[in-house]
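The structure appears right after this line, and notes come after that.
The values are calculated or read from the model by the stated rules, or taken from the named source; none is laboratory data. Since this is a predicted model, take the numbers as computed values, not measurements. No Cβ is skipped: glycine too gets one built from the backbone with ideal geometry, and neighbour counts run over all protein chains shown.
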């Protein structure tokens, strides 16, 4: 698939921008702070409904504006789909597919698939386990959008269960037990029993949803592993044995089997989760947080015998992060029989000449690659492709004779064209004004 | 900000569920220019609802007497109890005219984040109703979301020891809909709960 047109309104530094894209390589060149990454971010947002830079939506909306609009025309084997998102901080996003509203924004997942590599990805190697869990779960959703629902259900179960653990601490906690040295009868033990019964219910829920998520992650990892090793060796021109080992927060026996690369069945995982929750009960009550489940797991990255975190050099860490993304790209390509859009945000500046050249060779056959760079010379010559300049929140084709005319009109001479692309309609999908502002009076503020 | 009484009214309306600041303002100005009679009728209705309506001593549904209309109706099947979260769910089930048993209104669902535990729901009252053994089946009709499912699981476990049949409403495809428009979770549930039509 490729993104044929990107249109954004009140997104980050942009009041409005239109970007007509072609298959093959597109390079966005501009000095730092001029808005290149914002375009990459918008593409990522269309695909994942999240930003790779911030977890909240508020910074995405241009200062002073109420909502941001991101619109993308996706071409998949000649079939076009228009995805439109309206981002209003503090409220649920609204989404439209081919101009008809989607009941849930989640429905647009899978229309555009991107693999985005950005400087932030260094934290996949150097950062907290949460970064690596997010990498796995995002890839899971890109592969099969239905996991988005399981993931959000699971998160909610953990929040509910943590709330219960916190509120039950006075009843179940050690302080209370010490105080009640009376024989365990009477209303107090009844209270304890009731609290434990409620906890059992949430254990069931956590184990059921958690086992599904865990099972999916493990199968994903099984498929990703060989691709990761291949990508690392190709990028770094070595045979370093880059590996990713899943460390589950389950009791030892099952956790070891999983670390060995085995994939237990979903039922086995559920039983293991229940057993671990039972073992951890006292500790959980004391600390008021859920201590077992996919939200406590980690993906341990190793190079040869050494963990990448803490031991890998800067260059090795970059190669590892890049290998994770490239592996993800190949996995999606293989799964879907269709290339996701590869977005490389400010990546080449961080790589040495050898890695640049090898990366260029690896991505030459991708259907569409979007590259941002501050210094055009950082990008290997074979990836030049179509070039745009980004300056002060405006995007211009680099060859445009008179910069500053605005980007609505295409330049007379076409930049190199991919033969696969059909003649384009001259007008981009009409840059209509943002959807009707909800007349705040008529619509109930709290949606269903 | 408006002055005194108007702002007070907007604030009060804004506390209502589903009413945000803008809607509150719109309702307040509607009332301000409305007929005196119309406003009086609204005030009356509000006062009446607080003074006359209470909750059924048996099932927890809204009632205007000690027990609600359904609990005092002898024609209803006393061996079936349908457990719901809110009185509005009673209305929903009643609309089907399928169910001829009685109800039990829990008053919510288990949600630790909102500080709602089993003790805050009328679960003890449900047990009291089951004590004499005349009820043979409890149908759990809590909402098909996380909290509703947790409540159903809790009830199923607690009722397991009471020697009463416990069933849960099926979840699956909406009637008259298209299979292709069903979301994956609903469709998955429908598969789990599929029914044999020819063995």
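Annotations
- Filter result (modelled with pLDDT under 85 and either surrounded by 14 or more Cβ atoms within 10 Å (Cβ to Cβ) or closer than 29 Å to residue B:114 by Cα (or both)) within the stretch B:173-186: B:182, B:183, B:184, B:185, B:186
- Selection count where residues are within 20 Å of residue A:340 (Cβ to Cβ) and part of a loop (DSSP other than H, G, I, E, B), scope the stretch A:72-97: 2
- One residue stands out among those in the stretch A:109-145 that are in contact with a strand residue (DSSP E or B) (Cβ under 9 Å, 6 or more places away or on another chain) and within 13 Å of chain B (Cβ to nearest Cβ): the one that is nearest to residue A:348 (Cα to Cα), which is A:141.
- Qualifying positions in the stretch A:146-171 - at the interface with chain B (Cβ under 7 Å from one of its Cβ atoms) and within 19 Å of residue A:113 (Cα to Cα): A:146, A:149
- Pair list, Cβ < 6 Å and 6+ apart or interchain, from the stretch B:172-186 residues that are away from every other protein chain (no Cβ under 12 Å) and within 14 Å of residue B:144 (Cα to Cα) to residues that are surrounded by 10 or more Cβ atoms within 10 Å (Cβ to Cβ) and at pLDDT 85 or above: B:172/B:190; B:173/B:190
- Which numbered condition residue A:73 misses (of (1) away from every other protein chain (no Cβ under 13 Å); (2) out of contact with any strand residue (DSSP E or B) (no Cβ under 8 Å at 6 or more places or on another chain); (3) closer than 23 Å to residue A:366 by Cβ): (2)
- Qualifying residue in the stretch B:81-88 (condition: under 21 Å from residue B:144 (Cα atoms) and part of a helix (DSSP H, G or I)): yes
- The stretch B:10-58: number of residues that are assigned to a loop (DSSP other than H, G, I, E, B) and within 14 Å of chain A (Cβ to nearest Cβ): 6
- When we screen B:147, B:137, B:114 for residues that are farther than 14 Å from residue B:80 by Cα and in contact (Cβ under 8 Å) with a residue 24 or more places away in the chain, the only hit is B:147.
- Positions within the stretch B:122-147 being more than 18 Å from residue B:99 (Cβ to Cβ) and either within 11 Å of chain A (Cβ to nearest Cβ) or surrounded by fewer than 14 Cβ atoms within 10 Å (Cβ to Cβ) (or both), in sequence order: B:123, B:124, B:127, B:128, B:131, B:132, B:133, B:145, B:146, B:147
- Beta carbons closer than 8 Å, at least 6 apart along the sequence or on distinct chains, pair a first residue in the stretch B:152-165 that is more than 9 Å from chain A (Cβ to nearest Cβ) and over 17 Å from residue B:111 (Cα atoms) with a second that is part of a loop (DSSP other than H, G, I, E, B) and at pLDDT below 90 for B:163/B:133.
- Among the candidates A:59, A:89, the residue that is surrounded by fewer than 18 Cβ atoms within 10 Å (Cβ to Cβ) and in contact with a helix residue (DSSP H, G or I) (Cβ under 6 Å, 6 or more places away or on another chain) is uniquely A:89.
- Just so you know, in the stretch A:268-297 the residues that are outside any helix (DSSP H, G or I) and within 23 Å of residue A:150 (Cα to Cα) include one that is modelled with the lowest pLDDT, and it is A:289.
- Any hit, the stretch B:122-143, residues being modelled with pLDDT of 90 or more, within 22 Å of the chain's Cα centre (by Cα) and under 28 Å from residue A:105 (Cβ atoms): yes
- Residues within the stretch A:11-33 that are over 20 Å from residue A:67 (Cα atoms) and in contact with a helix residue (DSSP H, G or I) (Cβ under 6 Å, 6 or more places away or on another chain), tallied: 4
- Whichever residue in the stretch B:93-121 is outside any strand (DSSP E or B) and touching a strand residue (DSSP E or B) at 6+ places or on another chain (Cβ under 8 Å) and, among such residues, is nearest to the other protein chains (Cβ to nearest Cβ): B:110
- Of the set (1) at pLDDT below 95; (2) in contact with a strand residue (DSSP E or B) (Cβ under 9 Å, 6 or more places away or on another chain); (3) closer than 30 Å to residue A:198 by Cβ, all apply to residue B:85 but (1).
Residue-wise test of (1) surrounded by fewer than 20 Cβ atoms within 10 Å (Cβ to Cβ); (2) over 30 Å from residue A:338 (Cβ atoms).
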| site | (1), (2) |
| --- | --- |
| A:117 | no, no |
| A:124 | no, no |
| A:134 | yes, no |
| A:146 | yes, no |
| A:156 | yes, yes |
| A:159 | yes, yes |
| A:171 | yes, yes |
